[in-house]
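A.B. asks: Below you'll find the structure I mean.
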Amino acid sequence: MNRRWACLRRHVVWLCGFAPATTPATALVAQGAPTFLLMGCALDPLGAPIGGARAWIEGRADTAESDPLGRFAIPGLPSGRHLLRLRKIGFRLALHPVQVHQNDGACRPFPMQAAEGIGELDTINVRGRRVDQANLRGFYARIDSKMYPVNSFLTAEQAENVLASQTSDWLRLMQGVRVLSSGRRGDAVQNQIRVRGGPGGTRDCVPFVYVDGLLFDRQGRVDDISPSAVAAIEVHGGLARTPPEFQGGNNQCGVVLVWTRTR
């Protein structure tokens, strides 16, 4: 009775479409299936090598890149038929069916066709800005980033027509900035910079002052810096508009960044 039941059970399993579980020995055979190396050469229509072409087998995530002689190698391919793809800017996507059943001993040629409509490019005029001072690179990088308002920046050349007896005189030219007298120091009037954009939209907020990237004053005072030494100034009101490298020290109002000339 037990034998009949076991036999019937085996027939029911197969008839219902359920195959017995893979045995460890079967799994080892599948894992140990041989793989092979595909060696190829990417070539242009005249047979010249194409370097820098990306090659991959459809269905696989790994890619290879051809060297200056057009050579590339894709290892680990199981025996059978595969679809090779080749791509490079200036050429059409190339599709090549390949048969793999052994390691390649020589480079298989795979031609690529030039893309249509690729001709001489229009002339591009590039305007450069000479920056002799390393400390001004960040200043111009922030201007070029377009992340900050244009009126946040002022160079000495832009303010050369303004007679400035104190550095704070130049700050009067910048939008969102107020210059208030904070008393006298000897014969000179001491001024304090206020900016718009503090917590809750405060209009009269006292920014931190940095000179050449180093914290100089926490009370918005810049007049200890001679105007003749100034190469550029930038003002960023409010913590949200302050460049990340100058956020910190419980600063909630923003910063005045003063960059000095090379001596």
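A.B. asks: Which value does Rg/Rh take for region 134-260 over its C-alpha atoms, Rh per Kirkwood?
C.D. replies: Details: Rg = 13.5 Å, Rh = 14.5 Å.
Radius of gyration relative to Kirkwood radius: 0.93.
A.B. asks: Quick check on the exposure proxy: order 88, 146 from fewest to most C-beta atoms within 10 angstrom.
C.D. replies: On the way: 88 20, 146 8.
Taking fewest neighbouring Cβ atoms as first place, the list is 146, 88.
A.B. asks: Follow-up question, since we're still on this one. Determine Rg/Rh for region 33-115; Rg is computed over alpha-carbon atoms and Rh is the Kirkwood hydrodynamic estimate from the same atoms.
C.D. replies: Values: Rg = 12.0 Å, Rh = 12.6 Å.
When Rh is taken as the Kirkwood radius, the ratio is 0.95.
A.B. asks: Next up: How much length, in nm to one decimal, is gained on full extension between residue 240 and residue 37, taken as 0.36 nm per residue of separation minus their Cα-Cα distance?
C.D. replies: Details: separation 203, 0.36 × 203 = 73.08 nm, distance 5.53 nm.
Extra length available between residue 240 and residue 37 comes to 67.5 nm.
A.B. asks: Okay, next question. Between residue 161 and residue 69, how many nm apart are label points set 7 Å from Cα along the C-beta direction?
C.D. replies: So the two model labels end up 6.6 nm from each other.
A.B. asks: Pulled fully out, how much extra length does the chain show between residue 250 and residue 215, if you take 0.36 nm times their separation in residues and subtract their Cα-Cα distance? Walk me through the intermediate numbers first.
C.D. replies: Values: separation 35, 0.36 × 35 = 12.60 nm, distance 1.27 nm.
Gain on stretching residue 250 to residue 215: 11.3 nm.
A.B. asks: Which distance in nm do the two modelled labels at residue 58 and residue 92 give, with both placed 7 Å along the Cα-to-Cβ direction?
C.D. replies: Simple spin-label model gives 1.6 nm for this pair.
A.B. asks: If you don't mind, another one. For region 33-115, what is the relative contact order in percent, using Cα pairs closer than 8 Å and at least 6 residues apart in sequence? Let's see the in-between values first.
C.D. replies: Values: 210 pairs, mean separation 30.8, N = 83.
Relative contact order of region 33-115: 37 percent.
A.B. asks: Can you give the net charge of the other residues whose Cβ lies under 14 Å from the Cβ of residue 56, counting K and R as +1 and D and E as -1? Write out the running numbers ahead of the final one.
C.D. replies: Numbers: positive: 54, 60, 85, 87, 88; negative: 58, 62, 65.
Local net charge: +2.
FYI, it's all coordinate maths here, none of it is from the lab. Just so we're clear, the structure is a prediction, and the values are computed from it rather than from any experiment. So basically every Cβ, Gly included, is an ideal-geometry build from the backbone, and we count neighbours across all protein chains shown.
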